[in-house]
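The values are calculated or read from the model by the stated rules, or taken from the named source; none is laboratory data. No experiment lies behind these values; they were computed from the predicted model shown. Here the Cβ positions follow ideal geometry from the backbone for every residue, glycine too, while neighbour counts run over all protein chains shown.
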Amino acid sequence: IGLGKKKDEL
Amino acid sequence: MNVFRLTGDIAHLLAIILLLMKIWKTRSCAGVSGKSQMMFALVFTTRYLDLITNFISLYNTTMKMIFIASSYGTLYLMFLKFRATYDSNHDTFRMEFLVVPVAGLSFLVNHDFSPLEILWTFSIYLESVAILPQLFMISKTGEAETITSHYLFALGSYRALYILNWVYRFYFEGFFDLIAVVAGCVQTVLYCDFFYLYITKVWKGKKLTLPA
């Protein structure tokens, strides 16, 4: 699974 | 992190706790839509897949685990422990009318055509409409228990606070995610008539009833 751009929101 | 997002997350956590309290204390899930709760569990499952791969912060990881655990805990209470009190006759909204279009849209409109990103997009779109079965159920029964209305108020407020968070982040961090913002606005707009009823009735100590 490719790592999505960092998602820091819940 | 900013005050809007923090209060938004707290409102969200409060909503989940209110719902668990309602079901546990009244030992009944009457008036609660199991379909909405199933979709919320799906929202958290598809959105927090990066729980293992991406460590953001202790807060982020902790909240994600709490949200996932509590959403499945709610399903357990509704469909197993207190199944006899589940009001399936009034919880009749067709979930496939929401899940299928949302799944299609998440393939068409997303930031990146990768599995994790499409699942995240799916969860954002699904969350924006997941409350519809619950609102539909209240319109069918014509009323809601006061604690259930508090649950809905906290749940609706969380995404409204997130909109303020996105405004803040746009101006102070240059952060902007069109998909999250549009879905968040749709989600909040869906609560408007409930907010009106809640503020004009429940805040005056009345029970939340829909005009016949």
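Table for the structure above
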{"read-out": "Yes/no for B:G104 being part of a helix (DSSP H, G or I) and within 20 Å of the chain's Cα centre (by Cα)", "value": "no"}
{"read-out": "Yes/no for B:I131 being at pLDDT 95 or above, within 24 Å of B:L49 (Cβ to Cβ) and in contact with a Lys or Arg (Cβ under 8 Å, 6 or more places away or on another chain)", "value": "no"}
{"read-out": "Count of the range B:150-188 residues which are at pLDDT below 95 and under 12 Å from the mean Cα position of the chain (by Cα)", "value": "0"}
{"read-out": "Scan of the range B:16-34 for residues that are surrounded by 21 or more Cβ atoms within 10 Å (Cβ to Cβ), within 26 Å of B:I163 (Cβ to Cβ) and not polar (S, T, N, Q), ordered by number", "value": "B:I16, B:L19, B:V32"}
{"read-out": "Test: residue in the range B:197-209 that is under 19 Å from B:A130 (Cα atoms), at pLDDT 95 or above and aliphatic (A, V, I, L, M)", "value": "no"}
{"read-out": "Residues of the range B:1-52 that turn out to be under 25 Å from B:M95 (Cα atoms), hydroxyl-bearing (S, T, Y) and assigned to a helix (DSSP H, G or I), as a count", "value": "3"}
{"read-out": "Selection count where residues are surrounded by fewer than 18 Cβ atoms within 10 Å (Cβ to Cβ) and hydrophobic (A, V, I, L, M, F, W, C), scope the range B:104-121", "value": "5"}
{"read-out": "Odd one out for B:L116, checked against (1) hydrophobic (A, V, I, L, M, F, W, C); (2) touching a residue at least 24 places away in the same chain (Cβ under 8 Å); (3) out of contact with any Cys (no Cβ under 6 Å at 6 or more places or on another chain); (4) away from every other protein chain (no Cβ under 14 Å)", "value": "(4)"}
{"read-out": "Only one of B:T188, B:T200 that is surrounded by fewer than 14 Cβ atoms within 10 Å (Cβ to Cβ), polar (S, T, N, Q) and more than 14 Å from chain A (Cβ to nearest Cβ)", "value": "B:T200"}
{"read-out": "Qualifying residue in the range B:130-152 (condition: assigned to a helix (DSSP H, G or I), within 14 Å of chain A (Cβ to nearest Cβ) and not small (G, A, S))", "value": "no"}
{"read-out": "Which listed residue, of B:T92, B:T74, is in contact with a helix residue (DSSP H, G or I) (Cβ under 9 Å, 6 or more places away or on another chain), surrounded by 18 or more Cβ atoms within 10 Å (Cβ to Cβ) and among the β-branched types (V, I, T)", "value": "B:T74"}
